[in-house]
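These notes are about the structure you will find just below.
The values are calculated or read from the model by the stated rules, or taken from the named source; none is laboratory data. It should be emphasised that the depicted structure is a prediction, and the values quoted were computed from it without experimental measurement. No Cβ is skipped: glycine too gets one built from the backbone with ideal geometry, and neighbour counts run over all protein chains shown.
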Amino acid sequence: MSNTLKRRSFLGLSVAATAAAALAACTPNPSPTATATGQPNRILPINPIIAEYETRRASTGKTVAKTLTPGPFSTTLAGKKITTWGYDGALVAPTLRGTAGDELNVTLANTLSEATSIHWHGLALRNNADGVPGLTQDAIAAGKDYPYSFKLPHPGTYWYHSHVEMQRERALYGALIIEDPQEPLKYDKDWVIVLDDWLDGVTGTPDEVLKEVSQGMGSMGGMSHGGGNGGMVMGHMLMGATSDFLGGDAGDVAYPLHLFNGRDPGNPETFTAKAGERVRLRIINAAGDTAYRVGAPGQKLTLTHTDGFPIQHVDVDAVVLGMGERIDAILTVQDGYTPVLALAEGKAQMTYGLVSTGTGTVPALASLPTTLEGKVVDGGQLTADPAVNLATKTVDRTHEVHLTGGMAQYDWGINAQQFDMAKPFENALDIKAGERVEVKFINDTQMWHPMHIHGHTFQIGTTGARKDTVIVRPKQTVTVYFDADNPGQWLFHCHNAYHAERGMMGVFSYLT
Ligand SMILES: [Cu+2]
């Protein structure tokens, strides 16, 4: 209960509302159906339409079954023993793999001391499996099991993570790879790279950081923004970290470490391959507050997919991923050791892995390049494979989504409202099944935001990539389109964990 109270008080509720929240927290998990009392015109997760749509999804008749056990565990990072929370007792959760059309049956066995959930990031899945407590399901209480069961709708690189408060900022995330039964891409090996900014157990906990940043910079006054690219650190706050690529302020939080498949740069992952082999890298940015610039110095990456969907292939020197984004790229292996760098954009830090053909000498960390320049793009700048373009259709409904708030009060919001999960429909954006929806993400803030929509893959403009998470730079507008073809109640939010928790969230709400 204390966590609930703490979080809700961060949202700046009135005393009366906080008292009401305290009462609610003392009763068993408020059900999404109870939350929705007085919402008769909304297609709720329990609506039979949700099950009917599931029967329309393609099926292989096969089932992938797995139990995931979130819980506390201890491990060592950069020589320091830490205790954190993860799935199945490891920093790297199991990679789930299935084929499009398979049924995924995951039993979540909650051994945490608090409630949790799993969100299947990027999937256009049935609404009642989306894993958003208070909106699509009850939170799964400590000690309880919960069955997730749904069809895997599209091939591609996805991931899963807790959708409760700051839990994702521990190690409660993993990769979800959906194979294409008719995979057109030719490659010899398939490797998953999960990137994360890490502080839990090293410099504090994510909850402590949230509490600190939530006090805002308003009271500090006269803060200088010097200190070079890495910025200036005060407590857990990072000030003055800048990235031209991201349009200014790169991030809010100072991290001691960045992880590449759960490993710190002192203990890098080493992949093995033969020279000349084509490797499909599936890169996932699971971080809370860090974009990564990824590349192999002196080599090109051929980008093939973003957020699971194919793009027109393009050769680049590096690719930037915001939090929540995925990129698939082909790397042709060269003889010797090849470092794959993930530079923390604007933060003057990095992590990396190595590709080895079994020859040559291991490069020392200090000898690695610290920049990746040349042709550098992000997923929002790519062009869709025409096969996945949305059909030509007139827009039925437009929603303007102003990204609002700032560092002074740390009052990140949507259309100047800080989202309150206790009242999810308060500022809901209504849509109806069958509509072509236009969403204008208008960034009124001084900072970039990776904006994520649940349950749909939108298209950027009319020829841009199909994506579920897109970087929106300061003072810029990114216009995206999606077909309202998956009824239910769907969260959308900034995938900066701290911005989201402070209220940069909203709901796309299907009406009956
Ligand atoms: Cu944000």
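Restrict the check to region 131-140 and report whether at least one residue is free of Cβ contacts under 8 Å to residues at least 40 places away in the same chain, surrounded by 22 or more Cβ atoms within 10 Å (Cβ to Cβ), of a type in the set (V, I, T) and not assigned by TED's automatic domain parsing to the domain that holds A254.
Looking through region 131-140, at least one residue is free of Cβ contacts under 8 Å to residues at least 40 places away in the same chain, surrounded by 22 or more Cβ atoms within 10 Å (Cβ to Cβ), of a type in the set (V, I, T) and not assigned by TED's automatic domain parsing to the domain that holds A254.
Strands (runs of 3 or more DSSP E) wholly in region 270-371 with at least 2 residues that are over 29 Å from G248 (Cα atoms) and out of contact with any Cys (no Cβ under 8 Å at 6 or more places or on another chain) - which ones?
278-285, 326-332, 337-344, 349-356
Give me a count of the residues in region 101-138 that are acidic (D, E) and under 19 Å from H456 (Cβ atoms).
The number of residues fulfilling the criteria is 1.
Is there any pair with a first residue in region 291-309 that is aromatic (F, W, Y) and a second that is assigned to a loop (DSSP other than H, G, I, E, B) whose Cβ atoms are under 7 Å apart and which are 6 or more apart or on different chains, and what are they?
Taking only residues 6 or more apart or on different chains, the pairs are Y292/E345; F309/T457; F309/A465.
Identify all residues within region 366-390 that are loosely packed, with under 13 Cβ neighbours inside 10 Å, hydrophobic (A, V, I, L, M, F, W, C) and in contact (Cβ under 8 Å) with a residue 40 or more places away in the chain; write none if there are none.
Once the filter is applied, which keeps residues that are loosely packed, with under 13 Cβ neighbours inside 10 Å, hydrophobic (A, V, I, L, M, F, W, C) and in contact (Cβ under 8 Å) with a residue 40 or more places away in the chain, region 366-390 yields only A387.
Within region 482-512, track down each residue that is under 30 Å from E208 (Cα atoms), more than 16 Å from the ligand (Cβ to nearest atom) and either within 14 Å of the chain's Cα centre (by Cα) or among the aromatic types (F, W, Y) (or both).
Answer for region 482-512, where residues must be under 30 Å from E208 (Cα atoms), more than 16 Å from the ligand (Cβ to nearest atom) and either within 14 Å of the chain's Cα centre (by Cα) or among the aromatic types (F, W, Y) (or both): just W490.
Which pairs turn up if I take residues in region 490-512 that are part of a helix (DSSP H, G or I) and look for partners that are near the ligand (Cβ under 8 Å from one of its atoms) with beta carbon separation below 7 Å, at least 6 apart in sequence or on another chain?
These pairs meet every condition: H499/W412; H499/H449; A500/C494; R502/W412.
Just need a number here: residues in region 434-448 that are out of contact with any Phe, Trp or Tyr (no Cβ under 8 Å at 6 or more places or on another chain) and either on the phi > 0 side of the Ramachandran plot or within 16 Å of the ligand (Cβ to nearest atom) (or both).
Residues in region 434-448 being out of contact with any Phe, Trp or Tyr (no Cβ under 8 Å at 6 or more places or on another chain) and either on the phi > 0 side of the Ramachandran plot or within 16 Å of the ligand (Cβ to nearest atom) (or both): 8 in total.
Can you run down the residue pairs with Cβ atoms below 9 Å, 6 or more apart or on separate chains, where the first is in region 72-91 and without any contact (Cβ under 8 Å) to a residue 24 or more places away in the chain and the partner is part of a loop (DSSP other than H, G, I, E, B) and surrounded by 20 or more Cβ atoms within 10 Å (Cβ to Cβ)?
Cβ pairs passing all conditions: F73/L91; T75/L91.
Assuming L343 fulfils every condition listed in (1) in contact with a Leu (Cβ under 7 Å, 6 or more places away or on another chain); (2) touching a residue at least 60 places away in the same chain (Cβ under 8 Å) apart from one, which condition is it?
Unmet for L343, out of (1) in contact with a Leu (Cβ under 7 Å, 6 or more places away or on another chain); (2) touching a residue at least 60 places away in the same chain (Cβ under 8 Å): (2).
If you take the residues in region 461-481 that are surrounded by 24 or more Cβ atoms within 10 Å (Cβ to Cβ) and not aliphatic (A, V, I, L, M), which one is farthest from the ligand (Cβ to nearest atom)?
Once the filter is applied, the top-ranked residue is R466.
For region 322-341, state whether one or more residues are under 24 Å from G122 (Cβ atoms) and surrounded by fewer than 23 Cβ atoms within 10 Å (Cβ to Cβ).
The answer is yes; a qualifying residue exists.
Is it true that some residue in region 78-89 is under 30 Å from G156 (Cα atoms), part of a loop (DSSP other than H, G, I, E, B) and not assigned by TED's automatic domain parsing to the domain that holds P450?
For region 78-89, residues under 30 Å from G156 (Cα atoms), part of a loop (DSSP other than H, G, I, E, B) and not assigned by TED's automatic domain parsing to the domain that holds P450: present.
Inside region 317-356, can you point out the residues that are over 16 Å from the mean Cα position of the chain (by Cα), closer than 22 Å to K467 by Cβ and among the β-branched types (V, I, T)?
V319, I330
May I ask you to verify whether F425 is surrounded by fewer than 17 Cβ atoms within 10 Å (Cβ to Cβ) and more than 13 Å from the ligand (Cβ to nearest atom)?
Answer is yes for this residue.
Within region 385-408, track down each residue that is under 23 Å from L246 (Cβ atoms) and away from the ligand (no atom under 14 Å from the Cβ).
E400, A408
Can you find a residue that is more than 28 Å from L210 (Cβ to Cβ) and touching a Pro at 6+ places or on another chain (Cβ under 7 Å) anywhere in region 393-413?
So far as region 393-413 goes, no, none of its residues is more than 28 Å from L210 (Cβ to Cβ) and touching a Pro at 6+ places or on another chain (Cβ under 7 Å).
For T69, work out the one condition from (1) free of Cβ contacts under 8 Å to residues at least 12 places away in the same chain; (2) surrounded by 15 or more Cβ atoms within 10 Å (Cβ to Cβ); (3) of a type in the set (S, T, Y) it doesn't fulfil.
Evaluating T69 over (1) free of Cβ contacts under 8 Å to residues at least 12 places away in the same chain; (2) surrounded by 15 or more Cβ atoms within 10 Å (Cβ to Cβ); (3) of a type in the set (S, T, Y) leaves (1) as the failure.
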